[in-house]
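The structure appears below as structure tokens.
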């Protein structure tokens, strides 16, 4: 098995494997619905898991009204996501509690890179015609190259949903291959926008093709669609990752994004990862939350753990 | 207990997530941890000399002391139920509905207490009691509140049975109580219920619900104790019906004990249910299905999917996935919200599981268990997978009732069906394939009362649950389950004056006109009719048949057990009759009527000759017989199933399947009409039959086979064996390949049939020596016959694009 910091080199497109995929929606939904009822993390364990959740977070802003001002604020929060006194009280002041990355639009990459200088926190840029993915391929590739030039170390690309809906796996494979090449040393996350795919089977198939084409991560959503990261979608993608690892020995990361706002949701996702992929995946190299509002709720829960009283958002520095 | 947060941050381990036991323990303490019986709305004083412990299986520590009921107490409970029945059976459906609704509400209001108490007493995970047992129990009362409300209109021809004795197992204590009590009360019966001695606590808490809602005293009585108390209920003369859920062995004993008593009986027994995975299944989902199938309630589930059948090409991959999944299962304190398996109910059960696993290893199967260890305190057993298992292995045949799965490969769908059905049980099955053609085809061929497609262990009050074969008979849930708790209103059964021709010795014999005697021409020798051929009796003997005037009018073959054997084989070989379209069967039944009609005079004359009735009566009987063929031809394509309204995205298809091979022993009265009625009802829905005609007047039945021969009835659908009725009926009753036996004869014969049927627990329908007005067949009676001729299979088909 390759190391966590290693890349997924991809494998040749195996259409037989793609076509053999079978996903039963009802059964997947049942598993997804019962997972959070089968596991529960309480007290110190909950606090520790939430701290871990922070380190798995791609702290994100992807708004049309983003300016250098709010991006700089986000980066400052990324460096110090939790109040020092809380970390002290939790006995976690010596832990490396900072977010995994900051995720912004390409135009904001230079601002973020500068704001995070010296922190070791990478900047992730969405690219490739985000969120629709309907710009010409050469422009999408150029976008990736631009983001990397500006200092992005991780690139979140969107896939062409139309290739999935049409079953045009060759085209999807080639597209992701081209993106991967453009990424060079930057880690590539392929956004399936699963809410726009027709079936869970297509979610599995698209996951597989993206991994075959060399995606380092597969990501559920842009956060811009009606349906974003749901546990059934996540379960199917995790199973694809597991199958891919079993057959190719390459570990691919997973990033749910969109709609994850509550600490309880974060715990549910981490339980899903622990159960379906194993503890190995509960690291920033293989798992990320794409989230904007999640951190604020986690901070409140951590304070509750320390004081025993429910907290309020204004008690925590905003992003 | 608290590891430092910094350390957990690194390990990402699960910590304890305990549900508090305190409210349940407070409740036990408030009762000084000692309980009497709940009889006639009052609690009996616990007698210190006969207390036994109810133990927490997760710790081995006693939870409470329970009273072993005495015969006097059981008598008192039955008497209280009998007394309460007088008014409860007359209580309007709407009022009964209110009580059932109140029970549902009370269970919901105290759901967590019930859940914790159940988990403590049984050892099953709190997740299961909280999310499944208790909500399903409440749902059962809600659903049956509705049936109480609707009984007057939807079951207008039905009346309650009386006092119901109910004996329930330890694996789903409150849920089984709900399955028993809700339909019984909804239909106007009163009950004496005995919870299992290992798990009585939620039943006792339920008695408090009865108090709280001011249920009239005696409507529900709860007596506690071991199997001896169960026997007292089973043998009690004041009980009208026994409803039992438990082991096949005890079910068999109950069948024997109640034989001939006239007590109605429903049995929900053991299973060795197949879990079939085809190579086009969603394998990861199927793995979760296996978890729910065999590790739900530690595998202590009658319908547990305990035999895994995997298509050969994917078997190694599937087993690998399964082992990886098993490694992730968590076993431990049942009150921990994050565990998958709790404790085994008690040491004897634990020892039985261990013994069978040892035997599996000794017989050469490969055993695998996860690397982690079980708790050392309490009664725990790890999830266990056997591969390299052959159908001949003990562990592939016997019900283990524990977390032990046996796996074997199959090559083709046909082989999957054959392996799945290679068991004496038939409770449930699970089929996994993304090909709906394949899945539904296989579902239809499986011998099981419930088939789950791409799902498993789903239950709902709106869907009947119950077994084929030695998994018992009767259904619980759905409209089909209500008929276990009602009888047809007597006023509708016997409203007409008897029109049965008197027997010769009754002294009213009329001399048949000579020119009508069929014997006038060439000697006709009725033979046995087996597999579409006329067969000489194996014995080589014939029996003389006498007419009403005492003169010999012919001879029939003296059938013996070998003839029955041959007839059953022919009937089994003709099973394709059940696969024909109902339209085809209807056409053939109409055609029989057409051909019988052409010989109307001859059949009437035969009746006159045999019974001495007047020719008008005889003609009326033939006319009625023609009407019967039409009636059941009409029903053939109309007695269809339903799509139950279960709370689930999918279809729960309730399919009326033929029972299979039915033996029919005919009465002496109505020697043409009785066999025609029973024959028509049985074959109209696809059964094949072995019919024993009236011993005294068999010629009307034997005359029929020529009609059948000319009516395109496939060979083997109807087989007729003449001879000594009870002797032949006993062979049928004991025959393991006969699925049901209808017996219309003496009281002693009825008792014999019920007793002998225990061999394979076949369904029986007997008359206890009561005569029946064969000329009357009300709509309700038609429905009853069709119910006797069918068994309900519920097929759960989830969907979702």
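Put simply, of B:734, B:754 the only residue that is at pLDDT 95 or above, buried (at least 22 other Cβ atoms within 10 Å of the Cβ) and under 27 Å from the mean Cα position of the chain (by Cα) is B:754. For segment A:303-313, a residue qualifies if it is surrounded by fewer than 17 Cβ atoms within 10 Å (Cβ to Cβ), part of a loop (DSSP other than H, G, I, E, B) and at negative phi, and the qualifying residues are A:309, A:310, A:312.
On inspection, residue B:461 passes the criterion of being buried (at least 23 other Cβ atoms within 10 Å of the Cβ) and in a loop (DSSP other than H, G, I, E, B). Is it the case that segment B:386-396 has a residue that's within 27 Å of residue A:245 (Cβ to Cβ) and surrounded by 19 or more Cβ atoms within 10 Å (Cβ to Cβ)? For segment B:386-396, residues within 27 Å of residue A:245 (Cβ to Cβ) and surrounded by 19 or more Cβ atoms within 10 Å (Cβ to Cβ): present.
I'd like to check something: does segment B:127-137 contain any residue that is closer than 22 Å to residue B:223 by Cα and over 23 Å from the mean Cα position of the chain (by Cα)? Checking segment B:127-137: at least one residue is closer than 22 Å to residue B:223 by Cα and over 23 Å from the mean Cα position of the chain (by Cα).
Is it the case that segment B:189-197 has a residue that's part of a loop (DSSP other than H, G, I, E, B) and closer than 21 Å to residue B:95 by Cα? Yes: segment B:189-197 contains one or more residues that are part of a loop (DSSP other than H, G, I, E, B) and closer than 21 Å to residue B:95 by Cα.
Residue count for segment A:275-302 satisfying the condition of being within 14 Å of chain B (Cβ to nearest Cβ), assigned to a helix (DSSP H, G or I), crowded, with 18+ Cβ neighbours inside 10 Å and touching a residue at least 60 places away in the same chain (Cβ under 8 Å): 3.
For residue A:78, indicate whether it is closer than 15 Å to residue A:304 by Cα and surrounded by 16 or more Cβ atoms within 10 Å (Cβ to Cβ). Against the criterion (closer than 15 Å to residue A:304 by Cα and surrounded by 16 or more Cβ atoms within 10 Å (Cβ to Cβ)), residue A:78 does not qualify. Annotation note: Cβ proximity below 6 Å between a residue of segment B:136-164 that is free of Cβ contacts under 8 Å to residues at least 40 places away in the same chain and a residue that is part of a strand (DSSP E or B) (sequence gap 6+ or interchain) occurs for no pair. Of the strands (runs of 3 or more DSSP E) contained entirely in segment B:360-452, those carrying at least 2 residues that are in contact (Cβ under 8 Å) with a residue 40 or more places away in the chain fall at B:384-387, B:404-410, B:428-432. Among the residues making up segment B:703-731, those that are over 19 Å from residue B:667 (Cβ atoms) and out of contact with any helix residue (DSSP H, G or I) (no Cβ under 8 Å at 6 or more places or on another chain) are B:705, B:706, B:709. Scanning segment B:313-351 for residues that are in contact (Cβ under 8 Å) with a residue 60 or more places away in the chain, surrounded by fewer than 23 Cβ atoms within 10 Å (Cβ to Cβ) and part of a helix (DSSP H, G or I) returns B:315, B:319, B:323.
When segment B:757-772 is filtered for residues that are closer than 15 Å to residue B:660 by Cβ and over 13 Å from the mean Cα position of the chain (by Cα), the ones remaining, listed by number, are B:757, B:765. Here the condition is being out of contact with any strand residue (DSSP E or B) (no Cβ under 9 Å at 6 or more places or on another chain) and either outside any loop (DSSP other than H, G, I, E, B) or within 11 Å of chain A (Cβ to nearest Cβ) (or both); of B:310, B:291, it holds for B:291 alone. Restricting the search to helices (runs of 4 or more DSSP H) fully inside segment B:1-117 and requiring at least 2 residues that are over 36 Å from the mean Cα position of the chain (by Cα), within 16 Å of residue B:204 (Cβ to Cβ) and modelled with pLDDT of 95 or more gives B:22-30. Of the residues making up segment B:1-20, those that are more than 7 Å from chain A (Cβ to nearest Cβ) and crowded, with 19+ Cβ neighbours inside 10 Å number 1. Residue-level check: of (1) modelled with pLDDT of 95 or more; (2) not in a helix (DSSP H, G or I), residue A:147 misses just (2).
For residue A:103, the criteria (1) in contact (Cβ under 8 Å) with a residue 60 or more places away in the chain; (2) farther than 22 Å from residue A:183 by Cβ hold in every case but one, which is (2). In segment B:590-606 there is at least one residue matching the filter, namely being farther than 29 Å from residue B:636 by Cβ and assigned to a helix (DSSP H, G or I). Among the residues making up segment B:369-381, those that are crowded, with 18+ Cβ neighbours inside 10 Å and either closer than 26 Å to residue B:423 by Cα or in contact with a helix residue (DSSP H, G or I) (Cβ under 9 Å, 6 or more places away or on another chain) (or both) are B:369, B:370, B:379, B:380, B:381. In summary, helices (runs of 4 or more DSSP H) completely within segment A:29-106 and bearing 1 or more residues that are more than 17 Å from the chain's Cα centre (by Cα) and facing chain B (nearest Cβ under 10 Å) occur at A:43-55, A:84-90. The set of residues from segment B:266-288 being in contact with a strand residue (DSSP E or B) (Cβ under 6 Å, 6 or more places away or on another chain) and in a helix (DSSP H, G or I) comprises just one member, B:286.
Criterion applied to B:439, B:418 was being surrounded by fewer than 24 Cβ atoms within 10 Å (Cβ to Cβ), more than 21 Å from the chain's Cα centre (by Cα) and within 14 Å of another protein chain (Cβ to nearest Cβ), and the one residue passing it is B:439. On the basis of being within 14 Å of another protein chain (Cβ to nearest Cβ) and within 30 Å of residue B:452 (Cα to Cα), does residue B:688 make the cut? No. Against the definition (closer than 19 Å to residue A:217 by Cα, more than 8 Å from chain B (Cβ to nearest Cβ), modelled with pLDDT under 95 and assigned to a loop (DSSP other than H, G, I, E, B)), how does residue A:6 come out, yes or no? Yes, satisfied. Looking for something surrounded by 16 or more Cβ atoms within 10 Å (Cβ to Cβ), within 20 Å of residue A:257 (Cβ to Cβ) and within 7 Å of another protein chain (Cβ to nearest Cβ) - is there at least one such residue anywhere in segment A:10-27? No; the residues of segment A:10-27 include none that is surrounded by 16 or more Cβ atoms within 10 Å (Cβ to Cβ), within 20 Å of residue A:257 (Cβ to Cβ) and within 7 Å of another protein chain (Cβ to nearest Cβ).
Checked against the criteria, residue A:126 does not count as touching a helix residue (DSSP H, G or I) at 6+ places or on another chain (Cβ under 6 Å), crowded, with 20+ Cβ neighbours inside 10 Å and either touching a residue at least 24 places away in the same chain (Cβ under 8 Å) or not in a helix (DSSP H, G or I) (or both).
The values are calculated or read from the model by the stated rules, or taken from the named source; none is laboratory data. Just so we're clear, the structure is a prediction, and the values are computed from it rather than from any experiment. As a convention, Cβ positions derive from the backbone with ideal geometry for all residues, glycine included, and neighbour counts pool all protein chains shown.
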